[in-house]
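Presented below is the structure to which this report refers.
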Amino acid sequence: MNPQLNLWLIPILPLAGAGINGFFGKRSSRRAVNTIALFFSGAAFAMALWVAARFSSLSLPYQEFLAHWIRAGSFSADFAFYLDQLSLVMLLVVTGVGFLIHVYSVGYMHDDPGYYRFFSYLNLFMFFMLTLVLAGNYLLMFIGWEGVGLASYLLIGFWFTKDSAASAGKKAFIVNRVGDFGFLIALFLLIKHFGSLNFDRVFAAIAPMPAETAGAGLLTAIGILMMVGACGKSAQIPLYVWLPDAMEGPTPVSALIHAATMVTAGVYMVSRSHVIFERAPGALMVVAIIGTLTAFFAATIAITQTDIKKVLAYSTVSQLGYMFLACGVGAFSAGIFHLMTHAFFKGLLFLAAGSVIHAVGGEQDMRNMGGLRKKIPWTFWTMTAATVAIAGIPGAAGFFSKDEILWKSYQVSWAYWLVGVVTALITSFYMFRLWFMTFFGEYRGDADEGHGLGNHTRHGHDADGHGGIHESPMVMLVPLVILAVLSLIGGYVGVPSALGGNDHFDNFLAPVFHSSASADAKTQAVGEKSATEQTTEGSESTTGASSELLFTGISVLAAFLGFGFAWLLYYKSPHLPEKIAAAMAGGYQTLVHKYYVDELYGAVFVKPLINGSTRILWHDVDQKTIDAAVNDAGEGAWHVSDEVRHMQSGNLRSYAGWVAAGAAVVIAFMIWMWMGAR
């Protein structure tokens, strides 16, 4: 008998904070606003830790019924929460990293006039994200799914008086609706063919079904449609275009939504639906191909970006591609492992970038930075930790998770592995490029005062009374240090056996991604093997470990090659990048303009839609048809009434004439009827 955990408290706590600040924050002090926001988000994290402490005593999956919701014939959907190893990992990531970002925001947004509104939106986002990861059925998950889209729209367009921010918010909202349309159709198919959206009922019905190896079928269609939804939410090709523009929001928004939590919702949804994808090889292949192409595509764009946040934005798209590559080759636990480590180092990268922006008075162009390592040492060292983690330097968190993805992808196809390794090299290059351009060399701003743009209110943190480039306050640095530690040691929970570890993370998630039936069959098969067969298997295992070490060495070499190229071009010989760009002007301009995808979408989708709306729907349909029908009807009625009113002349002879004319018409009609009857 499971104890009552009251999981509903975890999302309700940040919702309460959002409501209090949203309704009363405008009349409250800043201290009261951030106290409420931190208390409720911190309480959610504390509750998540309490659940984790009691997790080993639960009979899994743990399901908690809250209330009846929808009843329609045989279909039903309830407010119910679902807890297993996968949702626990997501729960801790969302609440833990989310709380740290709340703390950081206290300093970063200190002087923004929309302070209370910002924290209300942050708390609201946490509510919807926690609803998404704890949902016990797809319908409740979809509520959280749409909710984080709403919160993202509000936070991206937080500075709504700025046209680019408002446009970025609308772009994110519209592009996500395209993906959500696919997700909705997948849910309709589940209802049609399985009569339920509850995880336990749907997965139990699908588990006995054979894999659709002969061609596309129902599960393949459902899986691909789910992936369409994931492409929108997790910024994969072709629906990735909203995420780089989302950098118009405050930097803590970039860290919370577009690095650590919201964009991973698609990865979580695909992993949660692994029972469907495992029986739809075609859908899995689509996931792997999209993930692989996105990882490489976005990484190449990041090479030429000069806005520090845009580099990290395309890096996020690329790293999400790695996660989908892992899911596409069936290594769901590896994808979730990278999701977790990515939350640490990418959240840190965005927050450290915010600290850099804070230090130089709002400047985001790396060409106007340089030489900052001695002026902001805490930011420098924490960002260094995140950089070595994402680059895959041995020992850091990203090394273990990325290496596992590459190894698992090689076991399915060498092509996936090759693209993944090349992408790893590019990742190391553009991240150390950012590192060298920001922290080394001489300061390239207007003056050594940290007021390159002189636009502090744009970033929500008017300089705190200090002149020149200065370190961020402690309320911003403490989250950086904590995330730096996690970025360095967080990967040790998943050290593979080939490197002398026990892969605890994979073992922890194994009950989710491996059914008990297959585990029992595997155990029985091992028991029936002869001693010779077991010895042979052990030899093959040793060979496999050796191969894994070899491929690990290749990925490490790729990481150091990326560092070497960045060192040569942006530290040793900083004049070379301009010469290379001039020599390869065509390719360089293509990357600078992000392969002209936004221009292509504008020409193919946006402009025809706007022109069709203005010329056809507005001018032809609305004005010439609907408005014309109303206006012409009114004008016609006016003319008719104008003619008829002349009958009311006030002249008795006229009235007598009309009576006589009417009588004549009536008599003529009666005669005509009589003649017809004969």
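Which number in (1) out of contact with any Asp or Glu (no Cβ under 6 Å at 6 or more places or on another chain); (2) more than 29 Å from Ser87 (Cβ to Cβ) marks the one condition that Gly371 misses?
Gly371 satisfies all of (1) out of contact with any Asp or Glu (no Cβ under 6 Å at 6 or more places or on another chain); (2) more than 29 Å from Ser87 (Cβ to Cβ) except (1).
Can Gly73 be described as modelled with pLDDT under 95, among the small types (Gly, Ala, Ser) and open to solvent by 40 Å² or more (accessible area, probe 1.4 Å)?
So Gly73 fits the description; yes.
Can Thr213 be described as touching a residue at least 24 places away in the same chain (Cβ under 8 Å), crowded, with 21+ Cβ neighbours inside 10 Å and of a type in the set (S, T, N, Q)? Before you say what the answer is, go through the steps one by one.
On the way: touching a residue at least 24 places away in the same chain (Cβ under 8 Å): yes; crowded, with 21+ Cβ neighbours inside 10 Å: no; of a type in the set (S, T, N, Q): yes.
Considered against the rule, which asks whether it is touching a residue at least 24 places away in the same chain (Cβ under 8 Å), crowded, with 21+ Cβ neighbours inside 10 Å and of a type in the set (S, T, N, Q), Thr213 comes out as no.
Tell me whether segment 390-400 contains one or more residues that are closer than 23 Å to Pro250 by Cα and of a type in the set (Phe, Trp, Tyr).
no
Give Thr316, Thr292, Thr304, Thr300 a once-over and let me know the one that is in contact with a His (Cβ under 7 Å, 6 or more places away or on another chain), among the hydroxyl-bearing types (Ser, Thr, Tyr), in contact (Cβ under 8 Å) with a residue 12 or more places away in the chain and more than 24 Å from Phe199 (Cβ to Cβ).
It is Thr316.
Residue-wise test of (1) more than 19 Å from His342 (Cα to Cα); (2) open to solvent by 10 Å² or more (accessible area, probe 1.4 Å); (3) of a type in the set (Phe, Trp, Tyr).
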residue: Leu218; (1), (2), (3): yes, yes, no
residue: Ile224; (1), (2), (3): yes, yes, no
residue: Lys233; (1), (2), (3): no, no, no
residue: Asp245; (1), (2), (3): yes, yes, no
residue: Pro250; (1), (2), (3): yes, no, no
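Name the residues in segment 172-208 that are open to solvent by 60 Å² or more (accessible area, probe 1.4 Å), more than 30 Å from Val597 (Cα to Cα) and either without any contact (Cβ under 8 Å) to a residue 24 or more places away in the chain or in contact with a helix residue (DSSP H, G or I) (Cβ under 8 Å, 6 or more places away or on another chain) (or both), would you?
Phe188, Lys192, His193, Arg201, Ala204, Pro208
Here's a check for you: in segment 359-372, which residue that is in a helix (DSSP H, G or I) and open to solvent by less than 10 Å² (accessible area, probe 1.4 Å) is nearest to Val556 (Cα to Cα)?
Checked segment 359-372; the qualifying residue nearest to Val556 (Cα to Cα) is Met366.
In segment 73-107, what residues are over 19 Å from Phe344 (Cα atoms) and among the hydroxyl-bearing types (Ser, Thr, Tyr)?
Once the filter is applied, which keeps residues that are over 19 Å from Phe344 (Cα atoms) and among the hydroxyl-bearing types (Ser, Thr, Tyr), segment 73-107 yields Ser74, Ser76, Tyr82.
Got a sec? Which of Lys346, Lys375 is modelled with pLDDT of 90 or more, touching a helix residue (DSSP H, G or I) at 6+ places or on another chain (Cβ under 9 Å), surrounded by fewer than 24 Cβ atoms within 10 Å (Cβ to Cβ) and among the charged types (D, E, K, R)? Lay out the reasoning, then the answer.
On the way: Lys346 fails: surrounded by fewer than 24 Cβ atoms within 10 Å (Cβ to Cβ).
That would be Lys375, the only listed residue that is modelled with pLDDT of 90 or more, touching a helix residue (DSSP H, G or I) at 6+ places or on another chain (Cβ under 9 Å), surrounded by fewer than 24 Cβ atoms within 10 Å (Cβ to Cβ) and among the charged types (D, E, K, R).
List every residue pair whose Cβ atoms sit under 6 Å apart, with the two residues 6 or more apart in sequence or on different chains, where the first one lies in segment 57-70 and is over 14 Å from Leu7 (Cα atoms) and the second, anywhere, is modelled with pLDDT under 90 and open to solvent by less than 60 Å² (accessible area, probe 1.4 Å).
Ser59/Asn2
Scan segment 295-344 for residues that are aliphatic (A, V, I, L, M), more than 30 Å from Ala582 (Cβ to Cβ) and in contact with a Lys or Arg (Cβ under 7 Å, 6 or more places away or on another chain) and report the count.
We begin by selecting, within segment 295-344, every residue aliphatic (A, V, I, L, M); these are 295, 298-299, 301-303, 308, 311-313, 317, 320, 323, 325-326, 329, 331, 334, 336, 339-340, 343.
Restricting the remaining residues to those that are more than 30 Å from Ala582 (Cβ to Cβ) gives 320, 323, 325-326, 329, 331, 334, 336, 339-340, 343.
Retained after the next criterion (residues that are in contact with a Lys or Arg (Cβ under 7 Å, 6 or more places away or on another chain)): 326, 329, 331, 334.
Qualifying residue count for the region: 4.
Rundown of residues vs (1) touching a Lys or Arg at 6+ places or on another chain (Cβ under 6 Å); (2) at pLDDT 90 or above; (3) within 19 Å of Arg433 (Cα to Cα); (4) part of a helix (DSSP H, G or I), yes/no style:
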position	(1), (2), (3), (4)
Ala566	yes, yes, yes, yes
Tyr570	yes, yes, yes, yes
Ile580	no, yes, yes, yes
Leu591	no, yes, yes, yes
Tyr595	no, yes, no, yes
Glu599	no, yes, no, yes
Gly612	no, no, no, yes
Trp618	no, no, no, yes
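Please determine, by comparing only the residues of segment 396-446 that are surrounded by fewer than 24 Cβ atoms within 10 Å (Cβ to Cβ) and basic (Lys, Arg), which one is farthest from Val311 (Cα to Cα).
Lys408
I'd like the full set of residues that are more than 27 Å from Val481 (Cα to Cα) and not small (Gly, Ala, Ser), limited to segment 306-350.
Correct list: Phe324, Leu325, Cys327, Val329, Phe332.
Answer yes or no as to whether Tyr62 is surrounded by 17 or more Cβ atoms within 10 Å (Cβ to Cβ), out of contact with any helix residue (DSSP H, G or I) (no Cβ under 8 Å at 6 or more places or on another chain), within 23 Å of Arg272 (Cα to Cα) and not acidic (Asp, Glu).
yes
Name the pairs: first residue in segment 484-505 and among the charged types (D, E, K, R), second residue part of a loop (DSSP other than H, G, I, E, B), Cβ to Cβ under 7 Å, at least 6 apart or on different chains?
Cβ pairs passing all conditions: Asp503/Val495; Asp503/Pro496.
Out of everything in segment 632-678 that is over 60 Å from the mean Cα position of the chain (by Cα) and under 30 Å from Asp622 (Cβ atoms), what residue ends up being modelled with the lowest pLDDT?
Ranking the qualifying residues of segment 632-678, first place goes to Asp642.
Would you confirm, using the coordinates I've provided, whether Ala582 is over 34 Å from the mean Cα position of the chain (by Cα) and either among the polar types (S, T, N, Q) or open to solvent by less than 70 Å² (accessible area, probe 1.4 Å) (or both)?
On the way: over 34 Å from the mean Cα position of the chain (by Cα): yes; either among the polar types (S, T, N, Q) or open to solvent by less than 70 Å² (accessible area, probe 1.4 Å) (or both): no.
It is false that Ala582 is over 34 Å from the mean Cα position of the chain (by Cα) and either among the polar types (S, T, N, Q) or open to solvent by less than 70 Å² (accessible area, probe 1.4 Å) (or both).
Would you say Ser649 is without any contact (Cβ under 8 Å) to a residue 24 or more places away in the chain and assigned to a helix (DSSP H, G or I)?
no
Could you tell me whether segment 111-130 includes any residue that is farther than 21 Å from Thr35 by Cα and not hydrophobic (A, V, I, L, M, F, W, C)?
For segment 111-130, residues farther than 21 Å from Thr35 by Cα and not hydrophobic (A, V, I, L, M, F, W, C): absent.
The values are calculated or read from the model by the stated rules, or taken from the named source; none is laboratory data. In this text the structure is predicted, and so the values were computed from the model without any measurement. Note that each Cβ is placed from the backbone with ideal geometry, even for glycine, and that neighbours are counted across all protein chains shown. Only protein heavy atoms, including side chains, enter the accessible area calculation; ligands, DNA and RNA are left aside. Shrake-Rupley method; radii C 1.70, N 1.55, O 1.52, S 1.80 Å.
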